[in-house]
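Chemist: One structure, pasted below without further comment.
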Amino acid sequence: MQQHFRTLPMAAAIAAASFGSLVHADRPVNEMDAVIERGVSYGFTHFEEIELKSRGRSEMEGFLGEDGWYAEVTFDDTGEPTHEERSRRIDGAWGMQPADVRQALAAAAKAGLASVEEIQINSSGYIDVEGHDEQRREIEMTLRLGSDKVLGTERD
């Protein structure tokens, strides 16, 4: 009986690791422009987060226009929205404009990022880019909005 309980945490850890690999995916940096354009075509003017999912799906959070609508939208592999949540925000549109996303990705690529899993900005203007380098090692880089200089790099 005790042997059974010891294997449960291990089985749970293996299952979580397997599920996690299905949830997140990454795309080469040079393919991110299509993802950004998908969001722009939908109406995003400011991105707070772009996350790439398995099976070609993506999820974006940010502002639609300048009138305070904040949205979280999931797109399928064809670029069609499959889920949307909207809320009215009074703090006004903020985040990364499409050019800011491209600038951050270009700087991260120059510093060794080969593929992107997620890019997000916090309210202080720091951008985190997560993905993989050419050797498929996990890498996370921090930049400042408006700068093309990588402030920090973490590798797993």
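The values are calculated or read from the model by the stated rules, or taken from the named source; none is laboratory data. Worth saying up front: this structure is predicted, and the values here are computed from it rather than measured. Cβ sites come from the backbone with ideal geometry, for glycine too, and all protein chains shown count toward neighbours. Areas reflect the complete protein model, heavy atoms only, side chains present, ligands, DNA and RNA absent. Shrake-Rupley method; radii C 1.70, N 1.55, O 1.52, S 1.80 Å.
Chemist: Full-extension gain between ARG27 and SER147, please, as 0.36 nm times their residue separation minus the C-alpha to C-alpha distance.
Modeler: My answer for the length gained is 40.9 nm.
Chemist: About its Cα centre, how strong a charge dipole does segment 52-156 have in debye, to the nearest 20, once Lys and Arg get +1 and Asp and Glu get -1 at the Cβ?
Modeler: That gives segment 52-156 a dipole magnitude of about 280 debye.
Chemist: Using a 1.4 Å probe, how large is the accessible area of ASP91, given in Å² and rounded to the nearest 10?
Modeler: 90
Chemist: Which three numbers, in whole Å and largest first, are the semi-axes of the equivalent ellipsoid of segment 41-133 derived from its Cα gyration tensor as √(5λ)?
Modeler: In descending order the semi-axes read 22, 18, 10 Å.
Chemist: If packing is taken as the mean number of other Cβ atoms within 10 Å per residue, what is the order of 52-60, 103-111, highest first?
Modeler: Per-residue Cβ counts within 10 Å, averaged per peptide and sorted highest first, yield 103-111, 52-60.
Chemist: Separation of segment 30-83 and segment 99-156 by C-alpha centroid, Å?
Modeler: Result: 18 Å between the Cα centres.
Chemist: First compute the accessible area of segment 50-156 with a 1.4 Å probe, then give the percent of it belonging to carbon and sulfur atoms.
Modeler: Of the solvent-accessible surface of segment 50-156, carbon and sulfur hold 42 percent.
Chemist: For ASP133, ASP33, what's the largest-to-smallest order of accessible area, 1.4 Å probe?
Modeler: ASP33, ASP133
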